[in-house]
1. In segment 62-90, how many residues are among the aliphatic types (A, V, I, L, M), outside any helix (DSSP H, G or I) and modelled with pLDDT of 95 or more?
2. So in segment 523-549, with the set limited to residues that are open to solvent by 20 Å² or more (accessible area, probe 1.4 Å) and hydrophobic (A, V, I, L, M, F, W, C), which one is modelled with the highest pLDDT?
3. Kindly indicate the residue of segment 779-819 that is of a type in the set (V, I, T), in contact with a Phe, Trp or Tyr (Cβ under 9 Å, 6 or more places away or on another chain) and outside any strand (DSSP E or B) and also surrounded by the fewest Cβ atoms within 10 Å (Cβ to Cβ) among those meeting that condition.
4. Among the residues of segment 550-565, which ones are open to solvent by less than 10 Å² (accessible area, probe 1.4 Å), of a type outside the set (A, V, I, L, M) and assigned to a helix (DSSP H, G or I)?
5. So for segment 718-735 (the condition being touching a His at 6+ places or on another chain (Cβ under 8 Å) and of a type in the set (S, T, Y)), does at least one residue qualify?
6. Search segment 733-744 for residues that are closer than 13 Å to L808 by Cα and pair each with any residue that is open to solvent by less than 50 Å² (accessible area, probe 1.4 Å) when their beta-carbon atoms are under 6 Å apart and the residues are at least 6 apart or on different chains.
7. Within segment 86-125, count every residue that is hydrophobic (A, V, I, L, M, F, W, C), closer than 24 Å to D348 by Cα, open to solvent by 50 Å² or more (accessible area, probe 1.4 Å) and in contact (Cβ under 8 Å) with a residue 24 or more places away in the chain.
8. Is it true that I759 is over 17 Å from V869 (Cβ atoms) and buried (at least 17 other Cβ atoms within 10 Å of the Cβ)?
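The values are calculated or read from the model by the stated rules, or taken from the named source; none is laboratory data. What you see is a predicted model; the values in this text were computed from it and never measured. As a convention, Cβ positions derive from the backbone with ideal geometry for all residues, glycine included, and neighbour counts pool all protein chains shown. Side chains included, ligands, DNA and RNA excluded: accessible areas come from the protein's heavy atoms. Shrake-Rupley method; radii C 1.70, N 1.55, O 1.52, S 1.80 Å.
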Amino acid sequence: MEINKNYQPADTENKWYQHWKNQGYFQSKPDNREPYTIVIPPPNVTGILHMGHMLNNTLQDVLIRRKRMQGYNACWVPGTDHASIATEAKVVALLSEKGISKKDLSREEFLKHAWEWTDKYGGIILKQLEKLGCSCDWNRTRFTLEENLSDAVIQVFVDLYEKGLIYRGVRMVNWDPKGLTAVSDEEVIRKEINGKLFYVNYPIAGENQTWITVATTRPETILGDSGIAVHPNDERYQHLIGKKAIVPFIHREIPIIADENIDISFGTGCLKVTPAHDLLDYEIGLKHNLEIINTLNEDGTIAPIAGRYIGEDRFVARKKMAADLATEGLLVKTEDIVHSVGFSERTDAVIEPRLSQQWFVNMKSISGKAKEAVENDVVNLIPNKFKNTYRHWMENIKDWCISRQLWWGHRIPAYYLPNGNTIVAITPELALSNAQQLFPDLNLSANDLQQDEDVLDTWFSSWLWPISVFDGFKDPNNPDINYYYPTNDLITAPEILFFWVARMIMAGYEYRQAPPFKNVYLTGIVRDKLGRKMSKSLGNSPDPIELIDKYSADGVRFGMLICSPAGNDLLFDESYCEQGRNFANKIWNAFRLIHSWQEMDCPMDPVQQLAIQWMGAKIANTTIELQDHFNKFRISEAQMVIYKLIWDDFCSWFLEMIKPPQGHGLSPELLIKIQHIFESLLQLLHPFMPFLTEEIWHLLSPRKEGEDLMVSQLRTLTVKSENKPLLVFFPHIQQAITELRSLRNQHQISPKQTLQLWINPLNLQEYTPGIIALIQKMGNFSPIEFTKEKINGATYKLIDQDEFYILLESVIDPEIEKQKLTEELNYQEGFLISVRKKLENEKFRLNAKPEIIAAEEKKQQDSESRIRVIKDRLKEL
């Protein structure tokens, strides 16, 4: 068979991915096997692959492929999220480019455009995941706005409403003036920004030249003030409590009140109370029955009720108000400050606290079991450092604002009657029927019911995802939900731990009496090598598809995982993908070497027998280590273990040990054993680098239909008791061979020149015929001799406790050797002085652990021994 000199990933990846799909390997149906289930965190339907997706989905694919090879019925459910705010914003922008305003469209017309756009561009990201090699069950692809999942959302809303867990009310919410919608607390990103603190004088009513000074960061809201609050224990203002102040420019008199919530240390200790524009102000206003004056429009411009700056943007009005206050002599001073400001996660607009009538979920009533599940490790957060964060959030949980002032999404199933009552029902027909039964005298028709204009928060559909993807609401006892739920592992990002993970656990207990998964693996954020978060604006976020085209899917998968410990940020560098590509080429070249060896009727020599024995034991031992890493979700570490096993042990040692002399071949028995070892390595590596491994698997040996690596079962390997000592001793031999070769290189002696070697071992029994033959072959030594005496004239090497003597006199220059030995002696004597000083330091001996002291004493002994040997050798020379 003609084997390409270079690995061709593009051809290989397309070929094998299509083959796997055609064979139905990704598909899963309930059967008698134990299921292993992952539901994908659904990306936005309009999204494209970014580096965070690459990391997240590579991890999921590694887990699902390994479980499939361990005999589980592996099911990875893909899908997309309708992403209300993001998608509507894109559609609005698209229409704007065509000269169409959303305001000029009916709801139905707008949704028609939105569906057309979604059908055209939606799902691109799923095709990109195929290019990465993701082995999702594509037949199970779901969309949060598809009919069955939409029905589930409406069903849950109605159910929670009837249980009294969903209510409608006027509350202070986070308002996005750009998206023109309310957002939940979890969708607000707090940022520390530079700002100004304005000190403003308010005249005291009925008094001349008497003022109360207030410090504020938002002078534009002064026009909505309805009170000034001071702390009841603040002696500076005791005489003013009960009096009235005058709001600048509009001359409205407002009361000066006492309230214990005031922070005496901030500003002047006086708070201007603007109940319509701040949560604390709102609560103080309710307590003291202050007027609520909303001076801002929904888009963040000044409302007519303010009386000044009408129609101006809030930030423009801020500057104008500050200037006008200064002109009037009311601005005492300004200070530069750094303060925390909330931004919309989706639009990056500064959030405006706003009183608004919205729909809420009573979270305290449904969060208890979800809190206990994580506290009691029913659901494991990995790494568990997030456990405290989770607990803190759950203990301080607030009601969830679930209504959004948008059109794209699940429309709230609430219907308003002419008499002011509200009917909540799954369908308009059922709402009408219920209304007619409740109010027969009204003679209601369908036209009398007005459905709520708002849609539900996108997360209100996402929190049902692990149940709804298996149609657990439509048919609560169907075979899929009973078999696959609860799922096993969830791979997601820490920033949506509360957005999504906590709420899914709540929904799981509410509707299935069980959490939706057992483990939550929280990835870190992908950053550039300078530690900056990747973004388009910084230009530091590479295109994942371009990376795949350049380095191969396997190379990129390798690069993503080589530096991604759970929960810690990944400092990505393109060189990691290059390392992955180089690794793939290394394995390809190893295969080409093995493929070049000819079959010959000859016995295995002792080194080849040792190689098979050692490599088999090494792989078996590594499989145990690997399983431990996977059990603890140390996926990056697992990949590194396999990398070292293949690059170092297999390619650098095993192949050199096993390769035949020039012009010779290998026995059929040995070739079969080599193939078996290579297959075991390919199996271990396959979840990480599926394309390369599948290609080599089929080139190694003819395969029957269905004998693909992807569905092969991982071999159960154990280390035989007689091989355990070999695993312990072999690293010592590797070190010895490496140092003896290094000695040859230092003296520029050709590898082809045979040298003489004596060994004085601590334990002669460890030097089996195979070990002796290995040292002789790898070091090119004449038959090795064992000695208990020092060999005069030979160069000495102490490796661990064993002494090695190489006869170099006939091939080295004595003067050069004396110079090298003198340099080594100077170094060792200096090193010994530093070690002795440390050991003579009483403070060190008192504070250091015993094992640290023992290590330093060992360094002293070794250095003293080395110095004696060098001096003896110098005398000989």
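1. Within segment 62-90, the first condition is being among the aliphatic types (A, V, I, L, M), and the residues that meet it are 62-64, 69, 74, 77, 83, 85-86, 89.
Next, only the ones that are outside any helix (DSSP H, G or I) stay: 74, 77, 83.
Right, trim to modelled with pLDDT of 95 or more and you get 74, 77.
The qualifying residues number 2.
2. I545
3. Our first condition is that a residue be of a type in the set (V, I, T); within segment 779-819, this holds for 784, 787, 791, 795, 799, 806, 811-812, 816.
Right, trim to in contact with a Phe, Trp or Tyr (Cβ under 9 Å, 6 or more places away or on another chain) and you get 784, 787, 791, 795, 806.
Now restrict to residues that are outside any strand (DSSP E or B): 784, 787, 791.
On the way: I784: 17, T787: 13, I791: 18.
Only one residue tops the list, namely T787.
4. Taking segment 550-565 first, the residues open to solvent by less than 10 Å² (accessible area, probe 1.4 Å) are 552-561, 564.
If we keep only those that are of a type outside the set (A, V, I, L, M) too, we end up with 552, 554-555, 557-559, 564.
Of everything in segment 550-565, those that are open to solvent by less than 10 Å² (accessible area, probe 1.4 Å), of a type outside the set (A, V, I, L, M) and assigned to a helix (DSSP H, G or I) turn out to be D554, G555, R557, F558, G559.
5. Quick first cut of segment 718-735, residues touching a His at 6+ places or on another chain (Cβ under 8 Å) only: none.
No, segment 718-735 contains no residue that is touching a His at 6+ places or on another chain (Cβ under 8 Å) and of a type in the set (S, T, Y).
6. L740/G779
7. 1
8. On the way: over 17 Å from V869 (Cβ atoms): no; buried (at least 17 other Cβ atoms within 10 Å of the Cβ): yes.
It is false that I759 is over 17 Å from V869 (Cβ atoms) and buried (at least 17 other Cβ atoms within 10 Å of the Cβ).
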